[in-house]
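Every number in this text was worked out from the coordinates using simple rules, so none of it is lab data. Note that this is a predicted model, so its numbers are computed, not measured. Here the Cβ positions follow ideal geometry from the backbone for every residue, glycine too, while neighbour counts run over all protein chains shown.
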Amino acid sequence: MIPFEGLFFFVVLAVVLAVAAVLGLCRISLKWYGLAVTVLMCVLIYNTPQEFAMLAGFYLWELVLVMAYLPIRRRCAKRPVLWLFLLLSAAPLITVKLGSLIEPLHIIQLFGVSYMSFRALQVLIEIYDGLIDDVGVAEFSYFLLFFPSLSSGPIDRYRRFTSDLATKFTREEYIEMLRRGFWKLMTGALFNFVIGNLIWQRWLAVLPENGFGATVSYMYGYTFFLFFNFAGYSMMAVGASYILGIKTPDNFNMPFLSRDMKDFWSRWHISLSTWLRDYVYTRFVAASLRGEWFKDRRTGSYIGYIITMLTMGLWHGLTPAYIIYGAYHGLLMCANDLLDTRSKRYKKLKKKPVVEVISVIVTFHLFSFGLLIFSGRIV
Amino acid sequence: MDEKIMEILEEVCGAEPGELEPDVELFEEGILDSFGMISLFVELEKKLGVKLEPTELTREELATPAMIIAQVKSRV
């Protein structure tokens, strides 16, 4: 069973959410129920002995690492210790990704490993920061395995997630969550199954495999397809979360209205871009500023953009298309920043309505070309 | 203390002294970006000894100079 695909999943989901709605309306905490159905869903999703063993191994590995790091951090705030734990925590993810290059590792596959690993890494980093000083086994297990966002995100944050678990929503608040959750589920389904599928069948599937015109058409078609497909998945995941009493953050916010690439990354796959901003870019730049590594302070930021976006590419997979996609976005972010900081003329001009419209069109083409690289059609 | 924090903020934003209104929306107006935010955290740590972790507060909690000043002062 794959989340948000096939009739069986949706029948199970409907039953699970209907019971959640009754419990929520009766103001009964959804924490234990949510954890129980997450375990049930994991059994159904990882339905071969190998898959389930792989998930169980991964889960125990991450749980042991987090539980071991907590007392260690209380005594020792040394950065290399954090690095060691991060490396160990990311080891399953790295192994799965390397499987595409190294044949013997190919047998190690784990559905959802990219998303689950980023959840676990985030917990370790915030333990180091002193922002998380206690982790419950039930809370961490539920957070790590939370089934609606297992396959395609969004990537939630532990402190935000557990604050929802601890909140006793009023009946009115839960009715509002139920209404929004249902609306998001329906809109997501429309985006994914109707619009996304139509674009695929009527536009992309009938295009010739080669030719400049076909590739340009593919670029536009793929951009719209990916948005409706991916935003649709995300909305369904967020919708199901709301009904389970978890306000998983939205992952998309009208990306086609982006005025520049920085704006684009605050609107597209938001939970991934903010994760990378908070745990990769910010950390690197802060270290470069504290250590005064560069003459020009902004140099650290540019290198930070390249590292962050390459990480984003590698996170998707170790293929040339994904790596070039990451490098492309790193360079675009640098160009965006240079324009913002070095050109006073651009700073003045960009607030004019005509320039805003042109910026939206240019940005759309820049990220569409990026998605064409991402699609693997031209690389 | 307020002036000191404001001075640091103006410096990282590249603003003239007195140019920033206390209630201006720093991110929405494009005055502060991710880099500016990190620079602010590093400078606050260096000059005032106030350590803020990157994900300790959301952008909504640090949206204006007045909000930043209040957050920093509560940690001194």
Calculated SAXS-style log₁₀ I(q)/I(0) at q = 0.25 Å⁻¹ - the range A:245-287, Debye, Cα scatterers: -0.84
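Per residue, how big is the convex hull of the range A:174-321 when only Cα atoms are used? Give it in Å³. Each step should come with its number before you reach the end.
Values: hull volume 23.3 nm³, N = 148.
Convex hull volume per residue, Cα atoms: 157 Å³.
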Peptide A:221-229, shielding by other chains (average Cβ, 10 Å cutoff): 0
Within 10 Å of each Cβ in A:278-284, the average number of Cβ atoms from other chains: 3
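For the range A:138-218, divide the Cα radius of gyration by the Kirkwood radius and give the resulting Rg/Rh value with two decimals. Present the calculation step by step, with values, prior to reporting the outcome.
Numbers: Rg = 19.6 Å, Rh = 16.3 Å.
My calculation puts Rg/Rh at 1.20.
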Whole-Å distance, taken between Cα centres, linking the range A:322-379 and the range A:85-146: 32
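Going through the cross-link list B:LYS4/B:LYS51; A:LYS97/A:LYS262; A:LYS262/A:LYS350; A:LYS295/A:LYS344, which pairs have a Cα-Cα distance over 19 Å in this structure? Display every interim value, and only then the final one.
Details: B:LYS4/B:LYS51 15 Å; A:LYS97/A:LYS262 28 Å; A:LYS262/A:LYS350 14 Å; A:LYS295/A:LYS344 22 Å.
Violating the 19 Å Cα-Cα cut-off are A:LYS97/A:LYS262; A:LYS295/A:LYS344.
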Computed over the range A:1-99, Kirkwood Rh from alpha-carbon pairs, angstrom: 16.5
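Quick check: residue separation of A:PHE369 and A:GLU5 times 0.36 nm, minus the Cα distance between them. What number comes out in nm?
Values: separation 364, 0.36 × 364 = 131.04 nm, distance 2.86 nm.
So the extension gain works out to 128.2 nm.
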A:ALA335-A:ARG160 FRET efficiency (beta carbon distance; Förster radius 22 Å; 0.05 resolution): 0.10
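Using the Kirkwood radius over Cα pairs, work out the Stokes-Einstein diffusion coefficient for the range A:30-166 at 20 °C and 1.002 mPa s, in µm²/s as a whole number.
Working: Rh = 15.5 Å.
Value of D from the Cα-based Kirkwood radius: 138 µm²/s.
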Proximal aspartates and glutamates to A:LYS247, defined as alpha-carbon separation beneath 16 angstrom and excluding residues fewer than eight positions away on the same chain: A:GLU139, A:ASP156, A:ASP164, A:GLU172, A:GLU173, A:GLU176
Residue order, fewest to most surrounding Cβ atoms within 10 angstrom, among A:LYS348, B:LYS47: A:LYS348, B:LYS47
Largest-first ellipsoid semi-axes for chain B, taking √(5λ) over the Cα gyration tensor eigenvalues, angstrom: 16, 14, 12
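Against the empirical 2.2 N^0.38 Å scaling, what ratio does the C-alpha Rg of the range A:46-112 come to? Please list the in-between numbers first.
Working: Rg = 14.3 Å, N = 67, 2.2 N^0.38 = 10.9 Å.
The range A:46-112 yields a ratio of 1.31.
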Förster-model FRET efficiency, 51 Å R0, B:GLU60 and A:TRP200, C-beta, rounded to 0.05: 0.85
Approximate spin-label separation A:PHE256-A:ILE358, in nm, with each point projected 7 Å along Cα-to-Cβ: 2.3
Evaluated over the range A:30-71, the Cα radius of gyration and Dmax, each in Å: 12.4, 36
Cα-Cα pairs of the range A:100-153 separated by more than 12 Å (percent): 70
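Taking only DSSP H segments of four or more residues, each worth -39500 (n - 2.57), what value at 222 nm results for chain A once the sum is divided by all its residues, to the nearest 500 deg cm²/dmol?
Working: 16 runs with 260 residues, N = 379.
Calculated at 222 nm, the ellipticity per residue is -23000 deg cm²/dmol.
Starting from the exponent 0.38 and prefactor 2.2 Å, build the expected Rg for chain A from its residue count and divide its actual Cα Rg by it. Spell out each step's value before the answer.
Values: Rg = 21.7 Å, N = 379, 2.2 N^0.38 = 21.0 Å.
Expressed relative to 2.2 N^0.38 Å, the Cα Rg reads 1.04.
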In Hz, Karplus ³J(HN,Hα) per residue of the range A:91-98 (6.51, -1.76, 1.60; θ = phi - 60°; x = Gly, Pro): 4, x, 4, 4, 4, 4, 5, 5
Kirkwood Rh, angstrom, the range A:299-379 [1 / mean 1/r, Cα pairs]: 13.7
Calculated SAXS-style log₁₀ I(q)/I(0) at q = 0.12, 0.25 Å⁻¹ - the range A:185-243, Debye, Cα scatterers: -0.32, -0.87
Rg/Rh (Cα only; Kirkwood hydrodynamic radius) as it applies to the range A:80-230: 1.08
